[in-house]
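Step one of this worksheet: look at the structure below.
The values are calculated or read from the model by the stated rules, or taken from the named source; none is laboratory data. Everything numeric here is computed off the predicted structure, so don't read it as measured data. Methodologically, a virtual Cβ is constructed for each residue, glycine included, from the backbone with ideal geometry; neighbour enumeration extends over all protein chains shown. The area values use the complete protein model at the heavy-atom level, side chains included, leaving out ligands, DNA and RNA. Shrake-Rupley method; radii C 1.70, N 1.55, O 1.52, S 1.80 Å.
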Amino acid sequence: QVQLVESGGGLVQAGGSLRLSCAASGSSGRYNVMGWYRQAPGNQRELVAAIASGGSANYADSVKGRFTISRDNAKNTAYLQMNNLKPEDAADYYCNLKEKSPSSWSFTDYWGQGTQVTVSS
């Protein structure tokens with residue numbers, strides 16, 4: 001069973017930076033995609049950024065140029081470097097791991113418990 005533990009959230013002023021970390025344990029080592037989603041009160045959970053085992057990444061348009069996702073496969077850890085934070089970035093941020101099935105291209109989703117990011121204007 002995969003477990004994800006997030007860290008790094010907190011309070012920051014607009015224009016500041018935060019770095020989120022997500023440590024995965026129990027992964028099979030199969031192909032997977034690690035990502036960060038966020039959910040603000042009253043909003044749906046949305047993808048912020050994701051990175052595959054091989055390193056290819058994609059971002060929401062709203063964070064391109066400000067956020068960078070990376071991963072250390074040896075440590076089974078993903079990071080989200082968030083720069084130039086804006087008040088609209090404030091949300092609960094959730095780590096996600098999509099692990100490929102051993103026999104097909106279906107994936108199983110695992111979620112962390114979330115870490116709060118607050119941005120003051």
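Taking the residues in the stretch 17-35 that are at pLDDT 95 or above and open to solvent by less than 20 Å² (accessible area, probe 1.4 Å) as candidates, determine which candidate is farthest from S62 (Cα to Cα).
That would be A24.
This table checks each residue for (1) over 21 Å from S7 (Cβ atoms); (2) crowded, with 17+ Cβ neighbours inside 10 Å.
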position: Y37; (1), (2): no, yes
position: A52; (1), (2): yes, no
position: G55; (1), (2): yes, no
position: R66; (1), (2): no, no
position: Y93; (1), (2): no, yes
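Return the only residue of G55, G65 being more than 17 Å from G114 (Cβ to Cβ) and modelled with pLDDT of 95 or more.
G65
Could you list all residues from the stretch 77-98 that are more than 13 Å from the chain's Cα centre (by Cα) and more than 14 Å from R19 (Cα to Cα)?
K86, P87, E88
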